Amino acid sequence: MPGTELITSAQNPKIKRLLALQKDSSLRRETGLFVVEGQRELGHCLGAGFTVDTVFMCPELCGPRAWADLASGETAPEAPLPPIEVHSNAPVTANSAQNDDKGAGKWTPNGRAKVFEVSREVYERIAYRGSTEGIIAEVFTRNLPLEDLRLPDNPLIAVLESVEKPGNLGAVLRSADAAGADALLICDPLTDIYNPNVIRASIGAVFTVPTVACSSDEAIAWLKAKGIQILTAQLQDSSLYYDRDLTLPTALVMGTESTGLSDRWREAADAHIRIPMLGSLDSLNVSVSAAILLFEAVRQRQGGTA
């Protein structure tokens, strides 16, 4: 990439900050930045309206054709990146058609982002997954409040209480995206939704599924005000999940495998549902439970019987 600044040392302050952002949730909160790796994930991120601050590219890994495709916007059809131009002073700018007020992602608040070329050795130091495409970006965080959620007339919502494992959260997001869920509420979260492992495990679904972090009390009050039935997944005092009518506006609420749901959710529920456990164990991974319940809702809503 002619004219861009080349970084060859992992001791460079920009690289040190990138590595710190990957590891430190408090720094992500303080700076309002998080890290996205990979062309597909970055495409989903921009498609959701996020704004890029800094891009790190390794031409040796992404290849000259990949960079040319990125610059022309000819990327994966499911998550195209905006066309960009590389200038001699190293910024990236969004094509004017991509930088309007229609909600498309931008390459910074003023339409410009910093781009740096990094050596293969440096990129291997900053990459946090095995298979990589040679692109990592620092992106501005965006917190979606409950009141700004836009829902259809008959919403399907997934709710997680006190989820703590980034991999589980990412997997639930993938299922929510696949099932066409309208939102995911993360209540009293114990993990950061911008944790790199959440983004990696979700393969970018953290950007495609409207996701809100809030307290359980806020979520319960909001769901009840919207007339959305609350169904809690629990073993005690419950009916089989496929016997409930999930064609109604529905929130499917799941807790952690270790402690389950708190009493506040059990008491707020319109009904308790369970997945039959026919073996020796009494629980499933929360991401598996979420997939089963979400796709039962899909089955019913596509013409299956309640």
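A short reminder: the numbers here are calculations on the coordinates, not readings from a lab. This structure is a prediction, so every number in the text was calculated from the model and none was measured. Virtual Cβ from ideal backbone geometry, glycine too; neighbours counted across all protein chains shown.
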How are the C-alpha pair distances of the stretch 146-301 spread across 10 Å bins, as whole percents from the shortest bin up? 11, 46, 37, 6, 0
Value of relative contact order over the stretch 150-215, rounded to a whole percent, pairs C-alpha under 8 Å and six or more apart: 40 percent
Please express the shape of the stretch 228-306 as an equivalent ellipsoid: the semi-axes are the square roots of 5 times the eigenvalues of the C-alpha gyration tensor, given largest first in whole angstrom. 19, 15, 11
XL table Lys165/Lys224; Lys14/Lys165; Lys114/Lys226; Cα-Cα > 31 Å flagged, in table order, is Lys114/Lys226
Got a sec? How would Cys62, Cys187 order by Cβ neighbour count within 10 Å, fewest to most? Cys62, Cys187
Please list, or write none, the aspartates and glutamates whose alpha carbon is within less than 19 Å of the alpha carbon of Lys23, excluding same-chain residues fewer than 8 places away. Glu37, Glu41, Asp53, Glu124, Glu138, Glu164, Asp192
Kindly rank 55-61, 39-45 from highest to lowest mean number of other beta carbons found within 10 Å of each residue. 39-45, 55-61
Order of 22-32, 211-221, 270-280, 161-171 by packing, highest average Cβ count within 10 Å first? 161-171, 211-221, 22-32, 270-280
